[in-house]
1. Which condition breaks for ILE304 when tested against (1) in contact (Cβ under 8 Å) with a residue 40 or more places away in the chain; (2) farther than 30 Å from ILE248 by Cα?
2. Being polar (S, T, N, Q) and under 30 Å from PRO403 (Cα atoms) is the filter; apply it to region 325-364 and report the residue that is modelled with the lowest pLDDT.
3. Restricting to region 49-98, and then to whatever is part of a strand (DSSP E or B) and among the hydroxyl-bearing types (Ser, Thr, Tyr), can you tell me which residue is surrounded by the fewest Cβ atoms within 10 Å (Cβ to Cβ)?
4. Given (1) of a type outside the set (D, E, K, R); (2) touching a residue at least 60 places away in the same chain (Cβ under 8 Å); (3) closer than 22 Å to ALA312 by Cα, where does HIS374 come up short, assuming only one miss?
5. Could you list, ordered by first residue, the pairs with Cβ atoms under 9 Å in which the first is in region 158-177 and at positive phi and the second is outside any strand (DSSP E or B), at least 6 apart or interchain?
6. Filter region 409-442 down to the residues that are in contact with a Phe, Trp or Tyr (Cβ under 8 Å, 6 or more places away or on another chain), at pLDDT 90 or above and not in a strand (DSSP E or B) and list them by number.
7. When you go through TYR225, TYR215 one by one, which is the residue that is within 25 Å of the chain's Cα centre (by Cα), within 19 Å of ASP133 (Cα to Cα) and assigned to a strand (DSSP E or B)?
8. Checking ARG340 against (1) of a type in the set (D, E, K, R); (2) out of contact with any Lys or Arg (no Cβ under 9 Å at 6 or more places or on another chain); (3) in a strand (DSSP E or B); (4) farther than 23 Å from MET322 by Cβ, only one condition comes out false. Which one?
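The values are calculated or read from the model by the stated rules, or taken from the named source; none is laboratory data. The shown structure was predicted, so the numbers you read here are calculated from the model rather than taken from an experiment. Here Cβ is always computed from backbone atoms with ideal geometry, including for glycine, and neighbour counts include all displayed protein chains.
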Amino acid sequence: MKKKLCTLMFCALILKVTSLENQCHIPEILRGSWFSVEDGKDTITKFDERFMTIENRVKVLCDYKKTEHNSDYTIAFQYDRCYHCIKFFVRTINIVEKIEGVCTNISNSSKEDFDSLCSKLNHNKITTLFSNDHYNRGLVNCKTSLQGSWDFAYERPGQFSGRCSNPKSRIHSCLVPDKLSLSNNQKFTMAYQKCEGKDATFQGMVEYGCFGDWYRGDKHYFAVYNTKESRKAEAYKCFIKNDTNDSILGISLTAECNTLNSPTESPEVVYLSPIKQNSIEAGCKLPQIISGDWIDSVNIDAKIFINQTHIAETDTINGKIMTTDYICQEQRDNIFVMARYSVTGCPNDYVCFEFVKNEDNIITYKRGKPTVHHQFDRACSFPFFETGKNTTHNYYFRRNPKPNKCPFKGKYTFTQKGDVPFEVRNPKTITPDQEVKCKNTFSEFRVSDAQTEILITKKSCSPGEENKIINEPDYVFKCISYWTENEKSYLLTYDESDPVYQYRCWVYGEHGNKISISQAIGSSCSIKQTMTSQSYTEQAAVALSLQKTDL
């Protein structure tokens, strides 16, 4: 009888796990092994699809889960006759932070009462988990964490008094020229030097791999691991910085971000001094037609200014304005070697540019990879610069462009399919009394008489039912440029009323009295986008089928 009872209890456990199989699955981003320091103890936490295991001793079942913002997960784990709630914040692919609640008796809780069950999370105690699987997950680019080269002085109030200032102490976080792998700029170094009279200071080079950055309120953190340190508690570290004053960094001594209150209230405080760079003289001139103010098709937030000898790219990274100058060094036909100069203190390198096509509103160009070689034959040849039909082109769009002629003219009715279809924009068109006045409507795609604008009206009145308000277009796109590339026809338009993407790329094709045209999500068309593309999978927003009409 006892044996049968044990068997039934075992079966009940199996049924319990099986019944919950479809209710709670730990997100893939959390699965794996993580390291943290909790209550002063080094802790290894592992997740699989259903269970969380702590220090290979405590194994708890994922019971209920709630997802917020696609990156925050609140999970109720069943443990020791109670529910234990933990909220996880996914900061980067290698960093997760958590807050925990108290155990709530199982008999008094249910899934329907999930919010009450997990209402007592301790927001004042945040624990940072560092991925032990970062070799498989990969590092991230250090650009948003730390980019540049500085001399530095440092303080460690818990180990020595005062500040250690040695002119040979240096931080170096820069793109490595000639390194063509995707892992470029994912590590940085800190070269520490000893200071006389401060025995706790040391001399040595530390290499950190970047785990990514995140914010808690207005506090900007980033995490790293020491590539030469085998002790996990000392290998993983947190940094804190102030975006408005990035000359001071706070660093944790162990894998505990909570020891960082501010850059100046940290176990280690680092004071940065920019490294002065030598100026670079121009050795050639750029085409006059490309001078002016432009926008980069890849990064529409970046401002581009071009004069006879320089290309200046200005971008805002974490609230800080960063400018990179490209200075003309050598020219052969329409190919130029440009010296890249950055105010971050990183060493200068060289990049090859080819200006393929220059028009009033658009520059088509190719950009090579950075190299230490300034000679034309080295900088503008494989593997740093590739030529041929299959190479990728980039574009500069003129800021405040002048309208050009559209590639087609006339009036069309249209049908549409896509993730972001055209809607009635003008609220005047949807009042009930106007709907009565205009019973028969159609969707209209019309090119202006000057052939410089495309006017799209979602609901246009049929002949004989004209209503001046209803026939106002919902969308007005200025035609900026059109061209043929990769055996496809492209159109670039400008809509100053669009709050997100003022510049739009389109792929189109004409066949008889019909036109198929696909609008891209943003200012660039994907290589896989066609004239019938309609979804995000092809980086398209909507596809229109146009039928010419005399209406």
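1. (2)
2. Our first condition is that a residue be polar (S, T, N, Q); within region 325-364, this holds for 329, 331, 334, 342, 344, 348, 358, 361, 364.
Still in the list and also under 30 Å from PRO403 (Cα atoms): 334, 358, 361, 364.
On the way: ASN334: 94, ASN358: 84, ASN361: 92, THR364: 91.
Out of the qualifying residues, it is ASN358.
3. Step one: filter region 49-98 for residues part of a strand (DSSP E or B), giving 51-54, 58-68, 72-79, 82-90, 95-98.
Okay, now just the ones that are also among the hydroxyl-bearing types (Ser, Thr, Tyr), so 53, 64, 67, 73-74, 79, 83.
On the way: THR53: 15, TYR64: 22, THR67: 11, TYR73: 22, THR74: 20, TYR79: 17, TYR83: 24.
Selected residue: THR67.
4. (2)
5. GLY162/GLY197
6. Within region 409-442, the subset in contact with a Phe, Trp or Tyr (Cβ under 8 Å, 6 or more places away or on another chain) is 411-414, 416, 419, 422, 425.
Pick out the ones that are also at pLDDT 90 or above and you get 411-414, 416, 422.
Within region 409-442, just PHE422 meets the criteria.
7. On the way: TYR215 fails: within 19 Å of ASP133 (Cα to Cα).
The match here is TYR225.
8. Only one criterion in (1) of a type in the set (D, E, K, R); (2) out of contact with any Lys or Arg (no Cβ under 9 Å at 6 or more places or on another chain); (3) in a strand (DSSP E or B); (4) farther than 23 Å from MET322 by Cβ is unmet by ARG340, namely (4).
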